Amino acid sequence: MAELLTIKNLRAGVEDKEILKGIDLSLGRGEVHVLLGPNGSGKSTLMNVLLGHPKYQVTEGAIEFEGEDLLEKAAYERARAGLFLSFQSPEEIPGITLENMIRTAKQAVTGEKVKLLPFRKALKAAMEELQMSPEYAQRYLNVGFSGGEKKRAEILQLLMLSPKLALLDETDSGLDVDAVQVVSAGVARFQQENPDSSVLIITHNTRILEKLKVDKVHVLMEGKVIEEGGPELIASVNDHGFTHLLDAEG
Ligand code: ADP
Ligand code: MG
């Protein structure tokens, strides 16, 4: 069967600066891939380009999602096609509650009216799962949330929206050990509930991966994928760092 996502020779950047310098990466249905790489290697840029962030220009290459050209689609169409991005730094949005935001997003991506009562019930259950207190549903999105609460709110969106491809950009960064466990359990639950959906996860913290079955690891450096392998690559990077991969490559 065709891959869910195929990136071919992708070059992209901002203004005159090229950040992604020819990325090739593919991901199958139901798979969990990890994207590793030092700070500034272009990981977040890749996620933003996949979601169609207007700040980034694609200068070369192709992205296919379920066999369709993703680059032709606007950001909202990509969300509707089944992509979801959890941001490295979630924004605070005064004036819209967490519940309202998720319900509106669900209506937008499914194109169907989401009935309030069943939605509330599902939301409550997912919040319990993530050890979030139910009153957060009625608070303005991320306003006054701690770092850990913002990340839980991201995973809550993931569970409620059930995308085909979840892009998680350092969802675990800045979290204490307990919060990492909760986030990691949330991602594992997403996988169980959506076995055909795929996850591309950027992390510096291997703890989040303990509950997940990782299929493939890609290492990004200076805008290129310099190494690919199985989960054993994570341990190798942990033990030896990124630069030895460059040395090995010669
Ligand atoms: P990573 O997520 O791997 O740490 P990023 O994708 O955030 O890396 O950044 C890669 C490089 O591109 C960095 O040098 C960063 O400064 C630059 N960059 C990313 N986004 C922008 C932007 N919007 N404007 C200018 N430079 C950017
Ligand atoms: Mg980043």
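Taking Cα atoms only, the orientation of helix 177-193 departs from the longest principal axis of the chain by about 90 degrees.
Computed from Cα positions, the angle between helix 147-161 and the longest principal axis of the chain comes to roughly 80 degrees. Based on the Cβ-Cβ distance of Ser162 and Thr243, what FRET efficiency does E = 1/(1 + (r/R0)^6) give at R0 = 25 Å, to the nearest 0.05? After rounding to 0.05, the efficiency reads 0.05. Per residue of the chain, the DSSP helices (runs of n ≥ 4 H) give a summed -39500 (n - 2.57) that works out to -11000 deg cm²/dmol at 222 nm. This model, with +1 at the C-beta of Lys and Arg and -1 at the C-beta of Asp and Glu, gives the stretch 3-249 a dipole about its Cα centre of some 1080 debye.
The trypsin sites (Lys or Arg not before Pro) of the stretch 180-227 that meet both conditions, a loop assignment by DSSP and at most 13 other Cβ atoms within 10 Å of the site Cβ, are Lys213. The trypsin sites (Lys or Arg not before Pro) of the stretch 45-86 that meet both conditions, a loop assignment by DSSP and at most 13 other Cβ atoms within 10 Å of the site Cβ, are Lys55. Remark: the stretch 123-191 carries a charge dipole of roughly 260 debye about the Cα centre, counting +1 on each Lys and Arg Cβ and -1 on each Asp and Glu Cβ. Dipole magnitude for the stretch 191-234: about 120 debye, using +1 per Lys or Arg Cβ and -1 per Asp or Glu Cβ, origin at the Cα centre.
Panel order for Ser133, Ser162, Ser198, by other beta carbons found within 10 Å of each beta carbon, from fewest to most: Ser133, Ser162, Ser198. For helix 98-110, report the angle its Cα long axis makes with the longest principal axis of the Cα atoms of the chain; keep it between 0 and 90° and round to the nearest 10°. For 98-110 against the chain, the angle is about 60 degrees. Full extension of the chain between His204 and Ala122 yields a length gain of 26.4 nm, computed as 0.36 nm times the residue separation minus the alpha carbon distance.
GNM remark for the chain: springs join alpha carbons under 10 Å apart, and the peak mean-square fluctuation among Val34, Val58, Val49 falls on Val58. Of the GluC sites (Glu not before Pro) found in the stretch 68-133, those that fall in a DSSP loop while having at most 12 other beta-carbon atoms within 10 Å are Glu72, Glu91, Glu92, Glu112. In plain terms, the chain from Ala74 to Glu112 could stretch by 11.7 nm, reckoned as 0.36 nm per residue minus the Cα-Cα distance.
In the chain, a dipole from Cβ-located charges (positive for Lys and Arg, negative for Asp and Glu) runs towards its positive end, and of Ser173, Gly40, Thr59 it is Ser173 whose Cα lies farthest in that direction. Pairwise alpha-carbon distances in the stretch 3-249 exceed 27 Å for 35% of all pairs.
FYI, it's all coordinate maths here, none of it is from the lab. None of the values given here were measured: they were computed from a predicted structure. Positions of Cβ are backbone-derived with ideal geometry, glycine not excepted, and every protein chain shown enters the neighbour counts.
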